[in-house]
Amino acid sequence: MLGQRNDNNPSLELVCPAGTPAALKAAAEAGAHSIYCGLRNETNARNFPGLNFSEKELNAGVRLAHKHGSHVLVAVNTFARAGDTHIWKRAVDAVAASGADAIIAADIAVLDYAKEKHPDLRLHLSVQAAAATPESISFYQDTFGVQRVVLPRVMSVEEIVKLNKEITVETEVFVFGGLCVMTEGRCALSSYATGKSPNLTGVCSPPGDVSYDEDGSNLYARLGGFTIDGFGEGETAGYPTLCKGRFKAEGETSYLFEDPVSLNAASLLPRLQKAGVTACKIEGRQRGKAYISQVVKAFRAAVDAMDAGGNAEEEVSAMLSAMTEGGRETTGAYKKIWR
Amino acid sequence: MSKIELSLGPNFFNWSNEKLVDFYARIADEAPVERVYIGEVICGKRMPFNDKVWPEIYERLANAGKTVVFSTIALPVTVRDRKSISALSEDGELVEANDIAGVHKRSGQPFVGGPFLNIYNEQTAKVLMNLGMETFCPPVELPMKSVEAIAQALPDLTIELFAFGRLPLAVSGRCYHARAHKLHKDNCQFICDRDPDGMDVTTLDDQKFLAANGIQTLSHSVQAITMNRDELLTKGIGRLRLSPQDIDMIAVIEIYRDLVDGKIESAEAEARLQGLPLPGALANGYVTGKPGHLWQAD
């Protein structure tokens, strides 16, 4: 059962992404303790074409995952649109009906509805709620009975240690994949350039607003008409994610917000476990089943090695480095120097 | 309600204590606004400095008949940040909550839901109203259609629209002023004080884009909602919030006063705003659900 890890069973729970039924199967077979996914509409924060689950697929996915001993956590983690909250309520009902083990939500409207209508459904607070202090976490615990909080990717390990001493809900942290530089759920950069954002529509820097324009020997990657990055001859052109672009400030051109890196905190798994973290989350619902299978196997091996008293994290780190964006990685905010 | 009020939002930038005292003294003496939000909302490291002048500023504004509201920090991280929220929220005076921690500490006393809270629909607003929210300043990206739906569903809630100033778009654990100056956040030298309107961030092809202010990212453009009085009333707007920039804010406030009093129409308000030395071009795209940087008169 979820949340039963304790002093006698201190293993880290591995929470793995599934954007499709095939990825869910791959994650379950690769040994994911838990698998998270979303419904195929704007109620989840990875609302991309070709991704996510119909209600029927969710029901089947939950059955399959349970057969493999994996839990299913369903993200209904965007903010309901005013006047259309029935879409989000319907999603909560569907999650409850599917037999999934928990719902991941950020919007107070969604949490309130889930608590009222489905009091037995376990609630996890999405990273999109940006709850990083004991006071804000207690609010969600006391008001809606939230049992786990996914922490914003802005905290250092030291801060997570302190936080876990002050709260009684479980914590889940991101350890691998995409890295938000801004506090999740508190960022409107994408909508400023394109009109679409994680909170409004479940997308960030959406492909439909991207263009690649040649100018002489240079290639410019643009988002909503704004140049996010430029590439000379021989340079590999990257995707124009707004906060990972090159900009000018103070007369210098740099990756002002963040380099085009991805998160890999595999080397920090033992410290995160010691910090009292319950679950480690892998980002990547947009990824294919081969990727999911490889990443999940690697992290499962690391967690098992830790349980056996071993120290396999560096090996795992090497296994995974070839799979990250451009091979470049960071441990992000977990190390204070990042700030 | 047939009257639309004006408020001056909290200052986002690292202004010196002298500048803050002078600025709010002028607001107290000359500005036709009903309400003024004060306090540090962006960076807890600035608090030990400007904490010293807020009581004096509070007195000055209150004596001038303004409703003074303390705004709480948007992204509490340190024990000091958290204590500041608790101290302000547990106090009986009206506060603006910019993080849900403040709502919790408020324990049902009246509060303002600030633009950093994620209130996107009538159901969330209703839950928070039951917890004491009396005014709601919507997140800047929320389209007017959604704001109207919330206003219609909750007629007792005062809607305060972010009507003027650079748009607060994001906050981060990382300080971009420090990063741009090759410093570390823990040893930032408070270098954000060099940019009283934020640090310009331009694209590789020199398009004005964003403005950095410590851990905050704002728009380069300046939001200007200039709907006339009748339009605002129809949409259920009770107050307009004007966000401080390093320009003659009295002039900005006077333009909006004339607008909400029905003395001038939108076009005249826009023309008068364009005549000020604004830090960026006017924008209002978010109102209609379009990209926030757009100005729909173009």
| Residue list for the range A:191-204, filter: hydroxyl-bearing (Ser, Thr, Tyr), touching a strand residue (DSSP E or B) at 6+ places or on another chain (Cβ under 9 Å) and under 20 Å from A:VAL76 (Cβ atoms) | A:SER197
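Conditions tested, residue by residue: (1) crowded, with 23+ Cβ neighbours inside 10 Å; (2) touching a strand residue (DSSP E or B) at 6+ places or on another chain (Cβ under 6 Å); (3) within 13 Å of chain B (Cβ to nearest Cβ); (4) touching a residue at least 24 places away in the same chain (Cβ under 8 Å).
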residue	(1), (2), (3), (4)
A:ILE87	no, no, yes, yes
A:GLY99	no, no, no, yes
A:HIS124	yes, yes, no, yes
A:GLN141	no, no, yes, yes
A:VAL149	yes, yes, yes, yes
| Residue check for A:PRO119: farther than 22 Å from A:VAL15 by Cα, within 14 Å of chain B (Cβ to nearest Cβ) and surrounded by fewer than 23 Cβ atoms within 10 Å (Cβ to Cβ) | no
| query | If B:VAL103 passes every condition in (1) assigned to a helix (DSSP H, G or I); (2) surrounded by fewer than 22 Cβ atoms within 10 Å (Cβ to Cβ) but one, which one does it miss? | reply | (2)
| request: Please note which strands (runs of 3 or more DSSP E) are completely contained in the range A:178-287 and include at least 3 residues that are at pLDDT below 90 and in contact with a helix residue (DSSP H, G or I) (Cβ under 8 Å, 6 or more places away or on another chain). | output: A:262-264
| query | For the range B:266-288, how many residues meet the condition of being touching a Phe, Trp or Tyr at 6+ places or on another chain (Cβ under 8 Å) and closer than 19 Å to B:ASP200 by Cα? | reply | 3
| request: Could you list, in sequence order, all residues of the range B:142-182 that are among the polar types (S, T, N, Q), out of contact with any strand residue (DSSP E or B) (no Cβ under 9 Å at 6 or more places or on another chain) and within 30 Å of A:LEU151 (Cα to Cα)? | output: B:SER146
| message | So, A:ALA75, is that one farther than 14 Å from A:PRO21 by Cα, part of a strand (DSSP E or B) and in the same structural domain as A:ALA114 (by the TED database) or not? | response | yes
| said: The conditions are (1) among the aliphatic types (A, V, I, L, M); (2) outside any strand (DSSP E or B); (3) modelled with pLDDT of 95 or more, and A:VAL161 fails exactly one of them. Which is it? | reply: (3)
| Has the range A:244-255 got at least one residue that is in contact with a Leu (Cβ under 6 Å, 6 or more places away or on another chain), of a type in the set (Phe, Trp, Tyr) and surrounded by fewer than 19 Cβ atoms within 10 Å (Cβ to Cβ)? | no
| note | Considering the range B:253-298, residues that are small (Gly, Ala, Ser) and within 24 Å of B:ALA149 (Cα to Cα), and then whichever is surrounded by the most Cβ atoms within 10 Å (Cβ to Cβ), we arrive at B:GLY292
| Only one residue in B:PRO115, B:PRO155, B:PRO139 is under 18 Å from B:SER89 (Cα atoms), not acidic (Asp, Glu) and not in a helix (DSSP H, G or I). Which one? | B:PRO115
| said: Take the residues in the range A:251-281 that are small (Gly, Ala, Ser) and within 17 Å of the chain's Cα centre (by Cα); name whichever of them is farthest from B:THR202 (Cα to Cα). | reply: A:ALA279
| said: Residue under question is A:ASP93, and the condition is that it be among the charged types (D, E, K, R), under 21 Å from the mean Cα position of the chain (by Cα) and either more than 9 Å from chain B (Cβ to nearest Cβ) or over 28 Å from B:LYS105 (Cα atoms) (or both); does it hold? | reply: no
| said: If I filter the range B:127-139 for residues that are touching a Lys or Arg at 6+ places or on another chain (Cβ under 8 Å), surrounded by fewer than 22 Cβ atoms within 10 Å (Cβ to Cβ), more than 21 Å from B:ARG241 (Cα to Cα) and more than 10 Å from chain A (Cβ to nearest Cβ), do I get at least one hit? | reply: no
| note | Every listed condition ((1) surrounded by 20 or more Cβ atoms within 10 Å (Cβ to Cβ); (2) more than 10 Å from chain A (Cβ to nearest Cβ)) holds for B:THR158 save (1)
| Can you tell me how many residues in the range A:255-266 are touching a strand residue (DSSP E or B) at 6+ places or on another chain (Cβ under 7 Å) and facing chain B (nearest Cβ under 8 Å)? | 1
| task | Working only within the range B:106-122, note down all residues that are within 8 Å of chain A (Cβ to nearest Cβ) and surrounded by fewer than 24 Cβ atoms within 10 Å (Cβ to Cβ). | result | B:ASN118, B:GLU122
| said: I need every pair where a residue in the range A:237-254 that is facing chain B (nearest Cβ under 7 Å) has its Cβ under 8 Å from the Cβ of a residue that is of a type in the set (Asp, Glu) and buried (at least 17 other Cβ atoms within 10 Å of the Cβ), sequence separation at least 6 or different chains. | reply: A:ARG246/A:ASP229; A:ALA249/B:ASP200
| Tally, over the range A:68-126, of residues that are polar (S, T, N, Q) and either in contact with a Ser or Thr (Cβ under 6 Å, 6 or more places away or on another chain) or at pLDDT below 95 (or both) | 2
| field | Filtered residues of the range B:84-98 (kept if part of a loop (DSSP other than H, G, I, E, B), away from chain A (no Cβ under 14 Å) and touching a strand residue (DSSP E or B) at 6+ places or on another chain (Cβ under 7 Å)) | value | B:GLU93, B:LEU94
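The values are calculated or read from the model by the stated rules, or taken from the named source; none is laboratory data. Just so you know, these numbers come straight off a predicted model, no measurement behind them. In this analysis, Cβ positions are derived from the backbone assuming ideal geometry, glycine residues included, and neighbour counts consider all displayed protein chains.
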